[in-house]
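Taking it in order: structure first as structure tokens, then the write-up.
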Amino acid sequence: TGPNGDDERGSGSKAEGGTASVALDRPGRLIVKGVARGTSVLCLTESFHTGWRGAINGREEAPIRVNGDFLGIVVAGGPFVAEFSFQPASVSIGRTVSVCGLGLLVALFGLGKLGHGRRCLGAMLTRWKRDKTAND
């Protein structure tokens, strides 16, 4: 908390450009609601990364880098809801590689079982034939 007992994350900050409050702060997801007096830059203390996606009032907008390291987005005058989600390409690539690897593992396991089953069935038939000829 700040010196006034306020949450330092800006859960209720007021500036010349308007007011804003954090409505949701979860890992990888942020929602900020506010009112801008004119076109302004909403700046958060979250670190900027190219994986952040943004939307203002449901319309996709590109987040911007503010002061070298912070996450920001341009908002027009009036009430707004700014939504941010963290969706880096590395997560999507990792998910795809993991699913492909799992599919390959399942396929190899299935082929291994199938091959083992054929060998077992062949051995059983050979034994059955040998036992049958021995009993005849």
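The values are calculated or read from the model by the stated rules, or taken from the named source; none is laboratory data. Being a predicted model, the structure only gives us computed values, none of them experimental. A quick note on method: Cβ atoms are made from the backbone with ideal geometry, for glycine too, and the neighbour counts reach across all protein chains shown. Heavy atoms of the whole protein, side chains included, go into the accessibility calculation; ligands, DNA and RNA do not. Shrake-Rupley method; radii C 1.70, N 1.55, O 1.52, S 1.80 Å.
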Summed over the other residues with a beta carbon less than 11 angstrom from that of S85, with K and R at +1 and D and E at -1, the charge totals +1
Phi-based couplings in Hz for region 74-84 (Karplus 6.51, -1.76, 1.60; Gly and Pro marked x):
7, 10, 7, x, x, x, 8, 10, 9, 10, 10
Order by accessible surface, 1.4 Å probe, largest leading, for residues W128, W52 comes to W128, W52
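Quick check: with the 1.4 Å probe, what order do E46, E61, E16 take by accessible area, largest first? Spell out each step's value before the answer.
On the way: E46 75, E61 50, E16 170 Å².
If we order E46, E61, E16 from most to least accessible, we get E16, E46, E61.
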Per-residue ³J(HN,Hα) for region 50-67, Karplus 6.51 cos²θ - 1.76 cosθ + 1.60, θ = phi - 60°, Hz, x for Gly and Pro
5, x, 6, 10, x, 8, 10, 6, x, 9, 4, 9, 7, x, 10, 8, 10, 6
Would you check the accessible area of V106, probe 1.4 Å, heavy atoms only, in square angstrom rounded to 10?
90
